[in-house]
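Here is the structure we will look at.
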Amino acid sequence: MRTILKKLEHHALTRPDQVALEDAASAMTYRQLSRTITQVGSRIAAGRVAVMMANGIPWAVVDLTIAACGAVAIPVPPFFSDEQLAHLLTDAAPDLLITDRPDYGVPLSRVSRHETIMIAHTELHLYSLLPPCRRTLPSDTGKITYTSGTTQQPKGVCITRAAIDEVSEALASAASTRSDDRSLTLLPLSTLLANIGGIYVPILRGATAILPPLERCGFTGSSTVEPGAFMDALHRFTPTGTILVPPLLALAVECAQAGAPLPSTLRFVAVGGAPCSASLLRRARALGIPVYEGYGLSEATSVVSMNRPGSERAGSVGMPLPHARVRIADDGEIVVSGALFGGYLGLYDPSPQVWHTGDTGWLDADGFLYISGRKKTATLGRNVSPKWVESQLVATRAVQQTAVFAGQ
């Protein structure tokens, strides 16, 4: 993240009054952001910092301050259960927890000190923790991001600072991000994709990162979205770019078909996080939505490939970005290298040089990548991937989330 922080300081000197961060309540220029990072940094004397906060300017300030201090950020997903949260705090062993929700999940038995700070009119609570036995991290770890853990306890994926820099720059180039762009984040900032695409990419280009609390954009819980508030947020913040998961793209398409089009300012809508059906992408394009599908995974620091203006192909997830190298194994599995994670927390294997994704697919003659399914669930009945069935089911808002299982 050294490059990202250097760019931030460059913008603070050369374009100090440019708005760097914006949320539903306030805005912060690059000059103010630089000064606030310095001020907050004097309060962070920790090696590992867990961040449990809603989207907003304070989230970005804290995250960037942790990086500037050379500490390790541990974002806490808001959808984690109490059991998953307890596992994360034990597994990652932070010595500081920063939160805007002091009544939720704070392990009071481990608190050695409590203080508060104000960032962008928001009171944050800093809990110094007595960590349990701590596991050594891979070299250059800057962030520990946790997988969802649907079938087992969430795993800590150790992301290196160098990989974050490399992927952020590749994504900024792919999206042709400019200094006058306004990037709206509609995903939890605790997810690596939103963290990189919503904060780091705009900062690299001196653009504006728009980070409203998700409840102000119509979100309730982990999956419910009120269409009116969602569309109102898109028009209120006038973004030029955003990242959507397939269910949110389906919502945007249905709203547009019902007579509520997306703002004309949008010029780049990335879709990822799950397979997106070809029919949904066609409907979006027919409505003039500039949507581009990509592919990635946490172990590859989020983004591996992406369709982009001037380089796209229907049905594919685009060509690999400059930092990534992709090959297809003999059994059809997608194997990636370049900007990989440092390793899983608690597993002391050497940092991987290549990663077998578990996804299957192929590369066409021009280098565009296509996803066909998962290696462990390659067939359902007669060679039908469950992922394909799932993507079709969530292509409309009639089904918000789905999981397909093979019967006996």
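The values are calculated or read from the model by the stated rules, or taken from the named source; none is laboratory data. None of the values given here were measured: they were computed from a predicted structure. Note that we place each Cβ from the backbone using ideal geometry, even for glycine, and neighbour counts take in every protein chain shown.
Numerical summary
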{"item": "Residue in region 19-37 that is modelled with pLDDT of 95 or more, more than 21 Å from Leu187 (Cα to Cα), part of a loop (DSSP other than H, G, I, E, B) and among the acidic types (Asp, Glu) present", "result": "no"}
{"item": "Search result, residues across region 92-121 that are among the hydroxyl-bearing types (Ser, Thr, Tyr) and either without any contact (Cβ under 8 Å) to a residue 24 or more places away in the chain or surrounded by 19 or more Cβ atoms within 10 Å (Cβ to Cβ) (or both)", "result": "Thr99, Ser109, Ser112, Thr116"}
{"item": "Residue identified as under 23 Å from Leu130 (Cα atoms), surrounded by fewer than 16 Cβ atoms within 10 Å (Cβ to Cβ) and either touching a residue at least 60 places away in the same chain (Cβ under 8 Å) or polar (S, T, N, Q) (or both) among Ser26, Ser42", "result": "Ser42"}
{"item": "Residue list for region 153-167, restricted to those being more than 15 Å from Asp63 (Cα to Cα) and of a type outside the set (Lys, Arg)", "result": "Gln153, Pro154, Gly156, Val157, Cys158, Ala162, Ala163, Glu166, Val167"}
{"item": "Among the residues listed as Thr99, Thr147, the single one being assigned by TED's automatic domain parsing to the domain that holds Thr36 and within 16 Å of the chain's Cα centre (by Cα)", "result": "Thr147"}
{"item": "Candidate set from region 262-286 (those that are modelled with pLDDT of 95 or more and aliphatic (A, V, I, L, M)); member that is surrounded by the fewest Cβ atoms within 10 Å (Cβ to Cβ)", "result": "Ala286"}
{"item": "Among residues of region 325-351, those that are farther than 14 Å from Ser305 by Cα, of a type outside the set (A, V, I, L, M) and either surrounded by fewer than 16 Cβ atoms within 10 Å (Cβ to Cβ) or out of contact with any strand residue (DSSP E or B) (no Cβ under 7 Å at 6 or more places or on another chain) (or both), counted", "result": "8"}
{"item": "Single unsatisfied condition, Phe219 versus (1) touching a residue at least 40 places away in the same chain (Cβ under 8 Å); (2) over 18 Å from Val19 (Cβ atoms)", "result": "(1)"}
{"item": "Residue tally, condition touching a strand residue (DSSP E or B) at 6+ places or on another chain (Cβ under 9 Å), closer than 30 Å to Gly342 by Cα and not in a helix (DSSP H, G or I), over region 265-307", "result": "20"}
{"item": "Subset of region 223-261 that is within 22 Å of the chain's Cα centre (by Cα) and assigned to a loop (DSSP other than H, G, I, E, B) - its residue that is surrounded by the fewest Cβ atoms within 10 Å (Cβ to Cβ)", "result": "Ser223"}
{"item": "Tally of residues being more than 20 Å from Leu8 (Cβ to Cβ) and polar (S, T, N, Q) across region 146-185", "result": "7"}
{"item": "Residue check for Ala339: assigned by TED's automatic domain parsing to the domain that holds Leu193 and either on the phi > 0 side of the Ramachandran plot or in a strand (DSSP E or B) (or both)", "result": "yes"}
